[in-house]
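I have placed the structure first, in the form of structure tokens, so that the comments after it can refer back to it.
The values are calculated or read from the model by the stated rules, or taken from the named source; none is laboratory data. If you're wondering where the values come from, they're calculated on a predicted model, not measured in any experiment. Please note: Cβ atoms are built from the backbone with ideal geometry, for glycine as well, and neighbour counts cover all protein chains shown. The accessibility values were calculated without ligands, DNA or RNA, using every heavy atom of the protein model including side chains. Shrake-Rupley method; radii C 1.70, N 1.55, O 1.52, S 1.80 Å.
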Amino acid sequence: MGPGRMWHSDRVLEAVLLVGGQGTRLRPLTVTTPKPMLPVAGVPCTEHQIARAREAGVTRVILGTSYRPEVFSEYFGDGSRFGVELVYATEDVPLGTGGAIRHVASLLESGPDDPVLVFNGDVLSGHDIAGQVRGWRENEADVSIYLTRVEDPRAYGLVTTDPEGRVLQFLEKPATAEECVTDQINAGCYVFRRSVIDSIPIGRPVSVERETFPGLLAAGAMVIGFVDVGYWLDLGTPLAFVQGSRDLVTGKAPSPALPGPIGDFLVRPGAEVAVDAILRGGTFVGAGATVGSGAIVDGSSLFDGAMIAAGAHVKDSVIGSGAIVGSGAYLDGVVVGDGADVGPGNELTRGARVWPGVVLSDTSVRFSSDR
Ligand code: GDD
Ligand code: MG
């Protein structure tokens, strides 16, 4: 810890990760794996987040799970392998983002006035986590919300602030163009005063975005914005997911959970890539995956054991574990589920999704859709 004012109490700094969502928009990848556990450049998003939180001084992490909780506990255990103490709070029925935060309260060790970090579990970011906690303390805030700017804010929580950074309004997913009054959005990481968490209603679904934040603002609570326009990405859609993987491989997205510095591609030990195959654009090749002679894999993510046959061309796509892409096939912007088999010569374009285990053998059929 640096010199100067000692803000830190000797207590642990705790972080809550909200990882209970179903990840519907990422199907079929999320049929078996919860979205935050999908490997981004080979490492679950949750692991990237834990590594970054730990770097910022977090020593204790509570995972707020609901959908497929066992996938998390089997991988992370008690957290010791990841340098943090890890505990789990599992909702019997999903309680929403605010309900999930309230649900973990009984497991928190922080005192009433201590800061507790809360992360949306599907965000890759390079923001200054420790700086956000510092700003929360310096302003004696109730809540600090990490804010960033995006071109199209409609899918997010819009947050307006005054010149001092105090939050004026929080509007989740604006319904009309007139409501889009700012491009400044909720980037999905909060610092809560612990006592504010305790004030969220217990035992029923609560949306932190639609209920808790507007309620705090109406009550005159000190809610501040922490603007950081560094790397930020919500991994909500397949295209965002391949982009996140790409950005981690090329080093554009920072993560202490990856060996760095990296480059144009990252190949895990145990993968086999033909000498004349071309890997580029931040491609990730998982353990045991194979890429055949003359194949081109561009900006894509190959999960463990995926197989790209000779001469296939795979661009901006995710190929699930053990899935096969046949020789000469062309894929652009596609999600291939675990164990699926895209037969030779198929051409699948932007938005196509092949469900796990499906076999496509007819090379004359052309699949495409815009989602
Ligand atoms: N435990 C638990 N229980 N977790 C949940 C639940 C629940 O009932 N519902 C959602 N989550 C988790 C999801 O797993 C995800 O990690 C996080 O909460 C946010 O949910 P999303 O479904 O991904 O929300 P979003 O992307 O549409 O919008 C949210 O994130 C945006 C930034 O990425 C909002 O917070 C927006 O305001 C924000 O701009
Ligand atoms: Mg999201």
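For region 44-54, the criterion of a residue being of a type in the set (A, V, I, L, M) and over 15 Å from Ala257 (Cα atoms) is satisfied by no position. In region 165-180, the residues that are within 20 Å of Glu151 (Cβ to Cβ) reach residues that are loosely packed, with under 12 Cβ neighbours inside 10 Å with C-beta atoms within less than 9 angstrom, at least six apart or across chains, in these pairs: Cys180/Asp152. Please indicate, with yes or no, whether at least one residue in region 28-39 is away from ligand 2 (no atom under 16 Å from the Cβ), of a type in the set (Ser, Thr, Tyr) and outside any loop (DSSP other than H, G, I, E, B). The answer is no; no qualifying residue exists.
The rows are residues; the columns are (1) within 16 Å of ligand 1 (Cβ to nearest atom); (2) without any contact (Cβ under 8 Å) to a residue 12 or more places away in the chain; (3) open to solvent by less than 20 Å² (accessible area, probe 1.4 Å).
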| site | (1), (2), (3) |
| --- | --- |
| Leu239 | yes, no, no |
| Val242 | no, no, yes |
| Ser245 | no, no, yes |
| Ala257 | no, no, no |
| Ile262 | no, no, no |
| Val273 | no, no, no |
| Gly281 | no, no, no |
| Ala287 | no, no, no |
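Of the listed requirements (1) outside any strand (DSSP E or B); (2) crowded, with 23+ Cβ neighbours inside 10 Å, Arg81 misses just one: (2). Scanning region 245-276 for residues being among the small types (Gly, Ala, Ser) and touching a Ser or Thr at 6+ places or on another chain (Cβ under 6 Å) gives a total of 2. Which one is nearest to ligand 2 (Cβ to nearest atom), of the residues in region 99-108 that are part of a helix (DSSP H, G or I) and touching a residue at least 24 places away in the same chain (Cβ under 8 Å)? By that ranking, first place goes to Ala100.
When restricted to residues that are in a loop (DSSP other than H, G, I, E, B), over 18 Å from Gly236 (Cα atoms) and open to solvent by 90 Å² or more (accessible area, probe 1.4 Å), region 152-174 contains 2.
Is it the case that Leu266 is part of a strand (DSSP E or B), surrounded by 16 or more Cβ atoms within 10 Å (Cβ to Cβ) and either of a type outside the set (Lys, Arg) or more than 16 Å from ligand 2 (Cβ to nearest atom) (or both)? Yes: the conditions hold for Leu266.
Taken over region 122-141, the criterion of being assigned to a loop (DSSP other than H, G, I, E, B) and open to solvent by 40 Å² or more (accessible area, probe 1.4 Å) is satisfied by Asp128, Asn139, Glu140.
In the set (1) at pLDDT below 95; (2) open to solvent by 20 Å² or more (accessible area, probe 1.4 Å); (3) in contact with a Ser or Thr (Cβ under 7 Å, 6 or more places away or on another chain), Ala352 fails one condition alone, (2).
Of all residues in region 328-364, those satisfying the criterion of being part of a loop (DSSP other than H, G, I, E, B) and closer than 18 Å to Ala310 by Cβ are Gly328, Ala329, Gly343, Pro344, Gly345, Asn346, Ser361, Thr363.
The single residue among Gly57, Gly64, Gly83 that is farther than 26 Å from Leu29 by Cα and touching a residue at least 40 places away in the same chain (Cβ under 8 Å) turns out to be Gly57. A single member of Gly111, Gly96 is touching a residue at least 24 places away in the same chain (Cβ under 8 Å), surrounded by fewer than 19 Cβ atoms within 10 Å (Cβ to Cβ) and not basic (Lys, Arg), and it is Gly111.
Of the residues making up region 289-310, those that are surrounded by 22 or more Cβ atoms within 10 Å (Cβ to Cβ), assigned to a strand (DSSP E or B) and in contact with a Lys or Arg (Cβ under 9 Å, 6 or more places away or on another chain) are Val297, Ser301.
For region 192-228, a residue qualifies if it is of a type in the set (Asp, Glu) and open to solvent by less than 40 Å² (accessible area, probe 1.4 Å), and the qualifying residues are Glu209, Asp228.
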